[in-house]
Amino acid sequence: MNQTKVKRESLAFKVGHYLFIIVMIFIFLLPLYWMLTTSIKTRTDIIHWPPIYIPKVIDFEGYVRVWEHQNIPAFYLNTIIVNISAALLAVAFGIPGAYAASRYKFWQKDNIMFTILSVRFLPPATALLPIFILFKWLHLIDHPLVLIIIYAGVNLPLVVWVLKSFFDEIPLAMEESYLLDGHSRLKSFFKIIIPLGAPGIAAMFMICIFLTWGEFLFAIVLTFSQKAQTLPVGTANLEGDIGVLWNQIAACGVMAAIPIILIIVFFQKYLVRGFSFGILK
Amino acid sequence: MDRIVLDNVSKSYGPKKALDNISLEIEGGTFVCLLGPPGGGKTTLLKLIAGLEQPDSGKIYFGDRDFTNEPPNKRDVSMVFQDFALYPHMSVFKNIASPLYAKKLPALEIERKVQEVASFLRIDRFLGRKVTQLSGGEMQRVAIGRALAKEAKIVLFDEIFVNLDYKLREQMRVEFKNLVDRLSITTIISSPDPEDALSLANKVALVHEGAILQYDEREKVYNEPADVFTGAYFGYPEMNMIDCSVVMKNGQLLIDADSIQIPVRRNDTVAAGAYVLGIRPESLLIGETLSTPIVIPAKMIFTEVIGSDTIVHIAVGDHTLEAFVPGIHRTVSHESIMAGLDPKDIYLFRKDTGLFETRGV
């Protein structure tokens with residue numbers, strides 16, 4: 001008697017559980033679906049009322065136009081260069097920072113670590129004006145370097161914190177043993193910490209790219225030509241004088257999303273650990 | 001071979017004193033066991049010798065040279081860690097070869113030395129494998145192999161038997177003893193297990209609460225433990241400890257612990273006063289008829305079988321004592337039995353200081 005009751009409860013729980021998942025998937029995938037269909041609808045279908053949920057006529061005009069006439073390839077290339085460089089920079093500076101935080105005791109360590117993280121709490125808009133003035137003074141406005149430096153800086157605290165927790169999991173004895181083998185501390189960093197922390201480092205590299213891939217605020221304020229502008233800004237430019245080019249905007253959105261989706265699909269396993277601060281074994 | 005000298009060494013972690021002003025001199029070529037309960041400072045002591053930690057005060061010498069501030073990679077010391085600390089991203093070969101790479105030896109020489117160490121430890125067939133594919137015992141051999149490959153004069157072993165299961169521990173202990181006997185190195189092993197100290201080491205240092213209670217030959221520590229703690233800890237099962245007093249009765253000194261009365265045969269060995277009487281379980285005999293000088297009626301409470309030996313818990317008056325009996329014996333509750341002991345086997349410690357007074361009366 002009791003057993004069946006337990007079973008029914010767990011069945012109800014299972015149904016609720018899956019229902020919840022389905023609703024969440026629906027909520028998260030709906031905008032993506034809408035973007036995808038908008039990008040292949042004809043311009044009249046886009047503004048049709050009632051809305052057309054499943055397009056009957058498929059039209060790739062949006063893709064062709066943005067690729068051939070709107071300098072999208074240049075923006076695309078800028079986005080890739082800026083985000084990969086920024087992620088490399090953040091990881092390159094974050095690794096030694098995280099190692100120091102994980103292995104050394106230093107003056108006011110807890111406060112310093114909290115201060116580093118608190119940079120992430122700041123609403124970006126509050127720092128916008130001083131950053132603009134600073135980079136103007138450095139003559140870097142509308143230079144690809146400006147976004148690379150800012151994106152790297154914004155992600156650095158996160159990289160330090162997450163990689164610290166990854167490095168904390170590498171047993172101290174392993175490094176101590178390597179030192180006793182006769183190797184230097186620097187060599188143990190490169191031969192023990194870097195290889196064993198590699199999954200975390202790779203995850204953080206990709207997460208850095210995700211976090212700034214669609215960044216808009218700094219990009220639109222600090223860049224104004226094809227030389228440095230990224231896809232989000234390039235896409236926004238399509239909201240031009242002759243009306244909003246919805247199919248072209250959606251086509252840009254789809255193209256911008258493809259690399260991120262591919263990375264998530266192929267590296268899901270590592271990313272989950274990265275997102276969960278390395279606490280999952 | 002160089003001796004190791006620790007001179008008034010102290011080390012604290014925050015408010016916790018791990019080692020409090022200890023001095024120790026280890027002759028070259030000795031096999032020393034640092035024995036004591038966990039958290040007593042054994043590992044800290046090993047790390048100070050290895051150079052992985054710096055003492056807050058005091059000096060460390062190898063031979064006559066001051067090594068206190070030398071980093072680990074400049075010391076002629078290798079160490080096997082409790083959890084082996086193998087490099088999981090390297091093959092068995094590369095793990096063992098690691099100290100040889102550090103010495104920048106030519107590749108052929110490295111190959112030869114790794115082969116030599118591996119066949120010595122009978123792990124040569126694993127050389128190509130990843131260390132994560134090995135069993136606990138094999139991992140331990142790789143860890144020992146890596147430490148031996150360095151060919152250091154001092155090799156430290158930090159509680160290396162703790163992570164092995166009972167059967168494997170017995171087996172590794174024998175192998176380990178044979179191995180160390182064949183090498184001419186100074187060996188320091190730390191262990192919470194008195195059996196390690198008894199079966200392996202020449203010398204034993206009792207490390208407890210940041211202090212070295214006694215450093216002596218194994219037999220000496222067994223026969224003349226420095227204090228109550230050392231006496232109780234060094235030996236398995238633990239020594240029975242009973243509060244007693246030594247009194248003069250009819251011109252004869254007598255150890256009086258209520259139901260246990262032991263006459264002192266030689267009056268010069270001990271003076272009247274309050275003491276703790278120590279009886280080792282292995283010198284407490286039980287049976288129906290006994291021929292020991294002292295025979296006391298007792299009751300059996302229960303028996304505890306350990307391996308193929310039995311610890312018999314008996315009640316003598318108000319005292320509960322443990323007796324060690326080889327072989328497996330049945331449990332009979334409250335069976336009347338006789339307990340016997342020889343006054344030459346008993347220990348006396350001073351009640352006030354806990355220090356050793358005499359063995360045998």
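The values are calculated or read from the model by the stated rules, or taken from the named source; none is laboratory data. This structure is a prediction, so every number in the text was calculated from the model and none was measured. Ideal geometry is used to build each Cβ from the backbone, glycine not excepted, and the neighbour counts take in all protein chains shown.
Residues in region B:63-70: is at least one within 13 Å of chain A (Cβ to nearest Cβ), surrounded by fewer than 22 Cβ atoms within 10 Å (Cβ to Cβ) and more than 26 Å from A:Leu196 (Cα to Cα)? Working first, answer last.
Quick first cut of region B:63-70, residues within 13 Å of chain A (Cβ to nearest Cβ) only: B:70.
With surrounded by fewer than 22 Cβ atoms within 10 Å (Cβ to Cβ) added as a condition, the list becomes B:70.
Narrowing the set further to residues that are more than 26 Å from A:Leu196 (Cα to Cα) leaves B:70.
So far as region B:63-70 goes, yes, one or more of its residues are within 13 Å of chain A (Cβ to nearest Cβ), surrounded by fewer than 22 Cβ atoms within 10 Å (Cβ to Cβ) and more than 26 Å from A:Leu196 (Cα to Cα).
Does B:Arg218 satisfy being at pLDDT 90 or above, under 24 Å from B:Gly29 (Cα atoms) and either outside the structural domain of B:Leu34 (by TED's automatic domain parsing) or not aliphatic (A, V, I, L, M) (or both)?
Values: at pLDDT 90 or above: yes; under 24 Å from B:Gly29 (Cα atoms): yes; either outside the structural domain of B:Leu34 (by TED's automatic domain parsing) or not aliphatic (A, V, I, L, M) (or both): yes.
The answer is yes for B:Arg218.
Given the conditions (1) surrounded by fewer than 18 Cβ atoms within 10 Å (Cβ to Cβ); (2) closer than 22 Å to A:Ile201 by Cβ, which single one is not true for A:Ile150?
If we test A:Ile150 against (1) surrounded by fewer than 18 Cβ atoms within 10 Å (Cβ to Cβ); (2) closer than 22 Å to A:Ile201 by Cβ, just (1) comes out false.
Answer yes or no as to whether B:Gly210 is outside the structural domain of B:Leu46 (by TED's automatic domain parsing) and either in contact with an Asp or Glu (Cβ under 6 Å, 6 or more places away or on another chain) or at positive phi (or both). Write out each step before concluding.
On the way: outside the structural domain of B:Leu46 (by TED's automatic domain parsing): no; either in contact with an Asp or Glu (Cβ under 6 Å, 6 or more places away or on another chain) or at positive phi (or both): yes.
So B:Gly210 fails the test.
Within region B:273-316, track down each residue that is small (Gly, Ala, Ser) and under 26 Å from B:Leu253 (Cβ atoms). Give the steps one after another, and end with the answer.
To start, the set of residues in region B:273-316 that are small (Gly, Ala, Ser) comprises B:273-274, B:278, B:283, B:287, B:291, B:298, B:307-308, B:315.
Those that are small (Gly, Ala, Ser) and under 26 Å from B:Leu253 (Cβ atoms): B:Gly273, B:Ala274, B:Gly278, B:Ser283, B:Ser291, B:Ala298.
Does any residue in region A:133-158 that is touching a residue at least 40 places away in the same chain (Cβ under 8 Å) and among the charged types (D, E, K, R) come within less than 9 Å, Cβ to Cβ, of a residue that is surrounded by fewer than 16 Cβ atoms within 10 Å (Cβ to Cβ) and not in a helix (DSSP H, G or I) six or more places away or on a different chain, and which pairs are these?
A:Asp142/A:Phe224; A:Asp142/A:Ser225; A:Asp142/A:Lys227
Take region B:27-50 and flag every residue that is within 14 Å of another protein chain (Cβ to nearest Cβ) and farther than 18 Å from B:Lys17 by Cα.
So in region B:27-50, the residues within 14 Å of another protein chain (Cβ to nearest Cβ) come out as B:43-44, B:46-50.
Listed by number, the list holds a single entry, B:Ala50.
I need every pair where a residue in region A:188-202 that is within 11 Å of chain B (Cβ to nearest Cβ) has its Cβ under 7 Å from the Cβ of a residue that is among the polar types (S, T, N, Q), sequence separation at least 6 or different chains.
none
With the requirement that a residue be within 19 Å of A:Phe93 (Cβ to Cβ) and either among the aromatic types (Phe, Trp, Tyr) or buried (at least 18 other Cβ atoms within 10 Å of the Cβ) (or both), what does region A:166-203 give you?
The answer is A:Phe166, A:Phe167, A:Phe189, A:Phe190, A:Ile193, A:Gly197, A:Gly200, A:Ile201, A:Ala203.
Out of region B:336-357, which residues are modelled with pLDDT of 90 or more and either β-branched (Val, Ile, Thr) or assigned to a loop (DSSP other than H, G, I, E, B) (or both)?
B:Asp342, B:Ile346, B:Lys351, B:Asp352, B:Thr353, B:Gly354
Quick check on this structure: which one of B:Ala102, B:Ala85 is touching a His at 6+ places or on another chain (Cβ under 6 Å), under 27 Å from B:Asn163 (Cβ atoms) and at the interface with chain A (Cβ under 9 Å from one of its Cβ atoms)? Give the steps one after another, and end with the answer.
Numbers: B:Ala85 fails: touching a His at 6+ places or on another chain (Cβ under 6 Å).
Exactly one residue qualifies, and that residue is B:Ala102.
Does A:Ala98 qualify as being within 30 Å of A:Asp142 (Cβ to Cβ) and in the same structural domain as A:Met174 (by TED's automatic domain parsing)?
Criteria not met by A:Ala98.
Among the residues that make up region B:116-126, is at least one of them within 13 Å of another protein chain (Cβ to nearest Cβ) and outside any helix (DSSP H, G or I)?
no
Can you go through A:Leu117, A:Leu158, A:Leu122 and tell me which one is of a type outside the set (Lys, Arg), exposed (fewer than 15 other Cβ atoms within 10 Å of the Cβ) and in a helix (DSSP H, G or I)?
Values: A:Leu158 fails: exposed (fewer than 15 other Cβ atoms within 10 Å of the Cβ); A:Leu122 fails: in a helix (DSSP H, G or I).
Matching residue, one of A:Leu117, A:Leu158, A:Leu122: A:Leu117.
Filter region B:18-27 for residues that are part of a strand (DSSP E or B) and surrounded by fewer than 17 Cβ atoms within 10 Å (Cβ to Cβ) and give the result. Before the answer, list the steps.
If we filter region B:18-27 for residues that are part of a strand (DSSP E or B), which is where we start, we get B:18-26.
Residues satisfying the conditions are B:Asp20, B:Asn21, B:Ser23, B:Glu25.
Could you tell me how many of the residues in region B:138-168 are assigned to a helix (DSSP H, G or I) and crowded, with 16+ Cβ neighbours inside 10 Å? Step through it out loud before you land on a result.
Step one: filter region B:138-168 for residues assigned to a helix (DSSP H, G or I), giving B:138-149, B:166-168.
Imposing the further condition that a residue be crowded, with 16+ Cβ neighbours inside 10 Å reduces the set to B:138-149.
Matching residues across region B:138-168 total 12.
From the list A:Val254, A:Val233, which one is closer than 18 Å to A:Ala86 by Cα and either of a type outside the set (Phe, Trp, Tyr) or buried (at least 17 other Cβ atoms within 10 Å of the Cβ) (or both)? Break it down into steps so the answer makes sense when it comes.
Details: A:Val254 fails: closer than 18 Å to A:Ala86 by Cα.
Result: A:Val233 is the single residue among A:Val254, A:Val233 that is closer than 18 Å to A:Ala86 by Cα and either of a type outside the set (Phe, Trp, Tyr) or buried (at least 17 other Cβ atoms within 10 Å of the Cβ) (or both).
When you scan region B:28-39, do you find a residue that is part of a helix (DSSP H, G or I) and in contact (Cβ under 8 Å) with a residue 60 or more places away in the chain, even just one? Before you say what the answer is, go through the steps one by one.
First pass over region B:28-39, keeping only residues part of a helix (DSSP H, G or I): none.
The answer is no, given that none of the residues of region B:28-39 is part of a helix (DSSP H, G or I) and in contact (Cβ under 8 Å) with a residue 60 or more places away in the chain.
Collect the residues in region A:31-45 that are under 16 Å from A:Val64 (Cβ atoms), more than 29 Å from the chain's Cα centre (by Cα) and assigned to a helix (DSSP H, G or I), keeping them in residue-number order. Write out each step before concluding.
Restricting attention to region A:31-45, the residues satisfying the condition of being under 16 Å from A:Val64 (Cβ atoms) are A:38-43.
Among the residues that remain, those that are also more than 29 Å from the chain's Cα centre (by Cα) are: A:42-43.
Selection gives A:Arg43 alone.
I'd like to check something: does region B:267-286 contain any residue that is farther than 20 Å from B:Met239 by Cα, assigned by TED's automatic domain parsing to the domain that holds B:Ile255 and either among the acidic types (Asp, Glu) or touching a helix residue (DSSP H, G or I) at 6+ places or on another chain (Cβ under 8 Å) (or both)?
Yes, region B:267-286 has at least one match.
Condition first: among the polar types (S, T, N, Q), farther than 22 Å from A:Ile261 by Cα and in contact with an Asp or Glu (Cβ under 7 Å, 6 or more places away or on another chain). Now tell me which residues in region A:197-248 satisfy that.
A:Thr223, A:Ser225
Looking only at residues in region B:311-322 that are crowded, with 19+ Cβ neighbours inside 10 Å and free of Cβ contacts under 8 Å to residues at least 40 places away in the same chain, which one is farthest from the chain's Cα centre (by Cα)?
Residue satisfying both the conditions and the ranking: B:Ile314.
Return yes or no: is B:Val131 surrounded by 15 or more Cβ atoms within 10 Å (Cβ to Cβ), under 16 Å from A:Ser177 (Cα atoms) and more than 9 Å from chain A (Cβ to nearest Cβ)?
On the way: surrounded by 15 or more Cβ atoms within 10 Å (Cβ to Cβ): yes; under 16 Å from A:Ser177 (Cα atoms): yes; more than 9 Å from chain A (Cβ to nearest Cβ): yes.
Yes, satisfied.
Taking only pairs six or more apart or across chains, which ones have beta-carbon atoms under 9 Å, a first residue in region A:167-184 that is within 9 Å of chain B (Cβ to nearest Cβ) and within 13 Å of B:Ala143 (Cα to Cα), and a second residue that is among the hydrophobic types (A, V, I, L, M, F, W, C) and surrounded by fewer than 19 Cβ atoms within 10 Å (Cβ to Cβ)?
A:Tyr178/B:Ala102; A:Asp181/B:Ala102
Output the residues belonging to region A:160-219 that are in contact with a helix residue (DSSP H, G or I) (Cβ under 7 Å, 6 or more places away or on another chain) and among the β-branched types (Val, Ile, Thr).
A:Val160, A:Val162, A:Ile170, A:Ile192, A:Ile193, A:Ile201, A:Ile207, A:Ile209, A:Thr212
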